[in-house]
Amino acid sequence: MNNTTLRTFLTTNLNVGEGDIPAILDKCVAKTIKKDTFLLRKNERCEYTFFVEKGLLRQYSIDEKGKEHVIAFAPENWFVTDRESSYFNAPSAYYIQALEDSQVVLLDERFIQQLSAKMPSFTDFNNKLLHNHIRHLQKRVNSLLSASAEERYLQFVKMYPDIMLRVPQTMVASYLGITPESLSRVRKGLAQKNYKK
């Protein structure tokens, strides 16, 4: 686990001087969230983008049959939100829940707009984040439609190197769109392949 504060993230990824940081962070709310706490529930309006300084969140939906579908994990140094809800003021279709005790910074849409107006570099960076998120979602949809379970698992491990050690296998299977039994077979098959090398 690599703990990154929002201060470090901003100075690393943006052309922001140390002197500008206090004014930016003064508008943010940092919260310590206990494991299993919900930051968002279905039908609520998502008011924030959450930046994870420490811990782990997951975003998921529940279908009409009561089955959970994990949309994303958000470990340290990740942002997570429901863009449709926050940007279009719509009821959320998702839940965002802490899977570990977590330290999270809450960024509201107004703050993001104000920061963009004051700092063109933030606008560029925010656009890059959004486009990267769209690219990831497109790849994920294509993967769910066409990739084998093994290929999906390898892509998952590349994106989330340590998540398998931090969450139940059922959640990983849900993210991959396969059963836990299929995930076990995939992992066993890969272990055997690596053993023979």
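Could you tell me which residue out of 184, 127, 174 lies farthest along the dipole of the chain toward its positive end? Charges go on the beta carbon: Lys and Arg +1, Asp and Glu -1, centred on the Cα centre. Checking the options against the dipole of the chain, the answer is 184. Starting from the Cα gyration tensor of region 48-97, take the square roots of the eigenvalues, sort them a ≥ b ≥ c, and report rounded, prolate or oblate (rounded when a/c is under 1.5, otherwise prolate if a/b is larger than b/c, else oblate). Oblate, because a/c is 1.5 or more while a/b does not exceed b/c.
Each Lys and Arg contributes +1 and each Asp and Glu -1, all at the Cβ; summed about the Cα centre of region 36-121, the dipole is approximately 200 debye. Remark: the chain carries a charge dipole of roughly 820 debye about the Cα centre, counting +1 on each Lys and Arg Cβ and -1 on each Asp and Glu Cβ. Figure legend: label point modelled 7 angstrom from the Cα of residue 12 along Cα→Cβ; residues of region 74-97 with amide N under 18 Å from it are 74-80. The residue list 88, 70, 143 was ranked by how far each Cα lies along the charge dipole of the chain toward its positive end, using unit charges on Cβ atoms, and 143 comes out on top. Under the rule a/c < 1.5 gives rounded, and otherwise a/b versus b/c splits prolate from oblate, where does region 5-163 land using the Cα gyration tensor? It comes out prolate by the Cα gyration axes. A full extension of the chain between residue 132 and residue 69 corresponds to an added length of 20.5 nm, given 0.36 nm per residue minus the alpha carbon distance. Checking every one of the chymotrypsin sites (Phe, Trp or Tyr not before Pro) in region 122-155 against DSSP loop status and a limit of 12 other Cβ atoms within 10 Å picks out no site at all. In this structure, the amide hydrogen of residue 71, modeled 1.01 Å from its nitrogen in the peptide plane, lies closer than 5 angstrom to those of 59, 60, 61, counting only residues at least 5 positions away or on a different chain.
Tell me which DSSP H helices of the chain clear both cut-offs, 20 Å or more of axial length from alpha-carbon atoms and a mean Kyte-Doolittle hydropathy of at least 1.6. TM-like helix candidates: nothing returned.
Shown are 152, 185, whose ranking by accessible area with a 1.4 Å probe and every protein chain present, most to least, is 185, 152. Computed 3J(HN,Hα) for region 45-53, one whole-Hz value per residue from the Karplus formula 6.51 cos²θ - 1.76 cosθ + 1.60 where θ = phi - 60°, is 8, 7, 9, 9, 9, 9, 9, 8, 7, glycine and proline marked x. The distance linking region 64-89 with region 136-197 is 19 Å (Cα centroid to Cα centroid, whole angstrom). Taking 22 Å as R0, compute the FRET efficiency from the Cβ-Cβ separation of residue 31 and residue 84 and round it to 0.05. Here the calculated transfer efficiency is 0.45.
With the simple spin-label model, which puts each label point 7 Å out from Cα in the Cβ direction, the residue 62 to residue 124 separation comes to 4.5 nm. DSSP assigns beta bridges within the chain; of those with both partners inside it, close to 100 percent run antiparallel. Based on C-alpha pairs under 8 angstrom that are at least 6 apart in sequence, the chain has a relative contact order of 23 percent.
Of the trypsin sites (Lys or Arg not before Pro) found in region 49-129, those that fall in a DSSP loop while having at most 10 other beta-carbon atoms within 10 Å are 65, 67.
The values are calculated or read from the model by the stated rules, or taken from the named source; none is laboratory data. All of these numbers come straight from a predicted model, not from anything done at the bench. Because the Cβ atoms are built from the backbone with ideal geometry, glycine has one as well, and the counts that use them run over all protein chains shown. All accessible areas refer to the heavy atoms of the entire protein, side chains included, with ligands and DNA or RNA removed. Shrake-Rupley method; radii C 1.70, N 1.55, O 1.52, S 1.80 Å.
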